[in-house]
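Enquirer: After the structure tokens below, expect a handful of questions from me.
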Amino acid sequence: MPTTSSPTTPLVSADHATAHTLLNCLLREVSGPEHQTVVADGRLRLRLPRSGVLLRVGLRRTSLIGAHRFTGPVSEQRDGTWAEVSWRGLAERIHRELHLRTGVRNDEFLAQVASSHAGMTAALEGRAALEAREKATQGPAPDAYLASEQSLFFGHRFHPTPKARTGSPASWSLFAPEAGARFPLHHLAVRRECVREETAYAGALAPLDRQRPVPDGYRLLPAHPWQYAMLREHRVLRAALDRGDVLDLGPGGPDFAPTASVRTLYDGRDFLKFSLNVRITNCLRKNADYELSGAVALTRLLEPVAADLAARFPGADLLREPGYRTLDLDDRHLTEGFGVIVREGLAARLRPGLTGLLAAAVADEYPTSGAQLSHLLGGTGPEHALAWWQAYLDLLVPPVLAAWFDHGVVLEPHLQNVVIGVDSAGTPRQVLFRDLEGTKLVPGHHAAALAALPEAVARPMTYGRERGWERVVYCLLVNHLAEMVAALADRHPRLEPGLWSAVRRVLWARSAAHDDPPALRALVAGVPLPAKANLLTRWGRKADRDAGYVRIASPLASDLLSEAARVNAPGSAR
């Protein structure tokens, strides 16, 4: 990949990153929809109307979709003058405004913002320490793929607590991706009759079995060491250990590295998705009972869909989840707590000669890894950026829309669920979709297959048509493409209208390919886009599945694009 130096956005402090993330949420979900914002004189001004607070922040760059880039501290108007507000003070003001708006209190909110700030601080401190060690030892360059997975120091910039985790930073730093963590798994040997497992095909659980030999009549069950420490004193588990149904083999096998999701680990060959009874951002990250069976069921059901998409759209593929194993001791807490899902490794689908990179790292606002777009583009100009973008759109958009319109499948292509395969020049050549937890089926397309499954497994695997389309549009356009546009526009600000025009052309072409469905025609015409309301969801303590959406202005409207292109044309009056 290119190593030519290129302009990048300097890293910010945890204080500013926390404040900017909170402002992003306010702008998108509260003050923006209530028309309480204005951009003027290089700043965003934003009002909290119920509490009478007026805030402002500097702008590095404005955005056609309202996802502006901020710079510097946040200030509040007091008695006609502007005074700086700390990240904590901003969180307190938001707490008050949301209480006044909803009539509901959330006594967790401020602590979760503080936890997220602590996570960012630990990540930045860990980065500095890691770089110092590597420089001192002149160690080898890190694996590019794992480096991208472990580079998200600030997390989702439209989530109020993107780095919040249960416990103190010291308790989870040993297992945090941003700390460059590597560790062995904790191994249990479990009698066959005390194991529950399912597979989509023979050999699916080989990634578990090959880690360590176990006595005859037993199966190996690896556990995340953090999870095992939380569950090892469970009375049912202790009884099973005492009678020999479960043997504690201790740590062993190869080291695994946490990926961006924290609980999915990778040893360079296989992904293992563990349960963690830890709240990360919004939810406890455990494999629910229905999700264990659901992963295997979806792998079976989606095989013809994945094969069709790969044949029609070379460069697109899906990482399967063909098996799981867990304890079966008539205790649901342990069944879910020790469930581990096997996911295919990159080598199963990534083409030879390509380097896999996490899309979220490529689109990151800050250069936290060599995967970030400024590094991929190197010192190239706007023409190369446009060509890179067109290649990316042609890979990503068609299979997502074909999955929906042709197969009734909701892929969930948000930035953390897509791996980009790039060639030696940094050009995208392949996209891999991963994590079947977010992949859903439209019941009308899959009635017979769903009817053959237990209702408790089938129901969570589905979305209604309206909800499913909303999820596709949000993940594809707002979460993913808008953030990639932002990263490209950071390099070449005048390109933003042209970048969105390219999106519109691809959507128009796909609309024709799918017989111009009304929903896609409306999308091309520039109807408002659904944006997940992470702040309001967190405030209401809702599960992610029950998250609401707000509507934001679409940059796809042709008149908006034409006007933006005119304003940004060289020599135009601004």
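The values are calculated or read from the model by the stated rules, or taken from the named source; none is laboratory data. Worth saying up front: this structure is predicted, and the values here are computed from it rather than measured. Methodologically, a virtual Cβ is constructed for each residue, glycine included, from the backbone with ideal geometry; neighbour enumeration extends over all protein chains shown. Ligands, DNA and RNA are stripped out before the accessible areas are found, and what is left, the full protein with its side chains, is counted by its heavy atoms. Shrake-Rupley method; radii C 1.70, N 1.55, O 1.52, S 1.80 Å.
Enquirer: Calculate, in nm to one decimal, what R541 and A391 gain on full extension: separation in residues at 0.36 nm each, minus their alpha carbon distance. Can you show the working numbers first?
Expert: Values: separation 150, 0.36 × 150 = 54.00 nm, distance 3.97 nm.
That works out to 50.0 nm of additional length.
Enquirer: A follow-up question, please. Kindly state, as a whole number, the per residue volume in cubic angstrom of the convex hull around the alpha carbon atoms of the stretch 229-323.
Expert: Cα convex hull per residue, to the nearest whole number: 155 Å³.
Enquirer: Name the residues of the stretch 481-502 whose amide N is less than 15 Å from a point 7 angstrom out from the Cα of A509 along the C-beta direction?
Expert: Those under the cut-off are 499-502.
Enquirer: State, to one decimal in nm, how far the label point of R243 lies from the label point of L54, with both points 7 Å from Cα in the Cβ direction.
Expert: In this crude label model, R243 to L54 measures out at 7.2 nm.
Enquirer: Rolling a 1.4 angstrom probe over the protein heavy atoms, how many square angstrom per residue are accessible across the chain?
Expert: Dividing the accessible area of the chain by its residue count gives 39 Å².
Enquirer: Now for a different question. Please report how far the C-alpha centroid of the stretch 506-538 lies from that of the stretch 35-50, rounded to the nearest whole angstrom.
Expert: 28 Å
Enquirer: Keeping all protein chains in place and using 1.4 angstrom, which order do V104, V340, V550 fall into by accessible surface area, from largest down?
Expert: V104, V550, V340
Enquirer: Can you give the FRET efficiency to the nearest 0.05 for E193 and D406, using r as the Cβ-Cβ distance and R₀ = 45 Å?
Expert: Numbers: r = 44 Å, r/R0 = 0.97.
My answer for the efficiency is 0.55.
Enquirer: A follow-up question, please. Tally up the carbon and sulfur contribution to the accessible surface of the stretch 12-163 as a whole percent, 1.4 Å probe, everything protein left in place.
Expert: 50 percent
Enquirer: At 7 Å along the Cα-to-beta-carbon direction for both R78 and R521, put a label point, then send me their distance in nm to one decimal.
Expert: Output for this residue pair reads 5.6 nm.
Enquirer: Taking a label point 7 Å from the Cα of N277 along the Cα→Cβ vector, which residues of the stretch 162-184 have an amide N closer than 15 Å to it?
Expert: In the stretch 162-184, the label zone of N277 (backbone N under 15 Å from the point 7 Å along Cα→Cβ) covers 166-167.
Enquirer: If I take R0 = 35 Å and measure r between the Cβ atoms of A553 and R232 in this structure, what FRET efficiency does the formula 1/(1 + (r/R0)^6) give, to the nearest 0.05?
Expert: Values: r = 52 Å, r/R0 = 1.48.
Result of the calculation: an efficiency of 0.10.
Enquirer: While we're here: Can you pull the one-decimal nm distance between simple spin-label points at Y201 and R269, each 7 Å off the Cα toward Cβ?
Expert: The answer from the label model is 1.9 nm.
Enquirer: Give me the extension gain from D289 to A307: residue separation times 0.36 nm, minus the current Cα-Cα distance, reported in nm with one decimal.
Expert: On the way: separation 18, 0.36 × 18 = 6.48 nm, distance 2.77 nm.
The span from D289 to A307 would gain 3.7 nm if fully extended.
Enquirer: Helix-derived [θ] at 222 nm for the chain: sum -39500 (n - 2.57) over DSSP H runs of at least 4, divide by residue count, nearest 500?
Expert: -11500 deg cm²/dmol
Enquirer: Set the Förster distance to 22 Å, then compute FRET efficiency between R210 and D143 from the Cβ-Cβ distance, nearest 0.05.
Expert: Approximately 0.55, to the nearest 0.05.
Enquirer: Moving to a separate point now. Rank-order 439-447, 496-504, 146-154 by packing density, defined as the average count of other C-beta atoms within 10 Å over each peptide's residues, highest first.
Expert: Per-residue mean Cβ counts within 10 Å order the peptides as 146-154, 496-504, 439-447.
Enquirer: Within straight cross-link reach of K542, meaning Cα distance under 25 Å, which lysines are found once same-chain residues fewer than 8 apart are removed?
Expert: Those lysines meeting the cut-off are K163, K273, K286, K440, K532.
Enquirer: Around F109, under 11 Å between beta carbons, what's the net of Lys plus Arg minus Asp minus Glu among the other residues?
Expert: Net local charge, F109 excluded: +1.
Enquirer: While we're looking at this one, here's another question. Quick check: residue separation of E455 and S173 times 0.36 nm, minus the Cα distance between them. What number comes out in nm?
Expert: 97.6 nm
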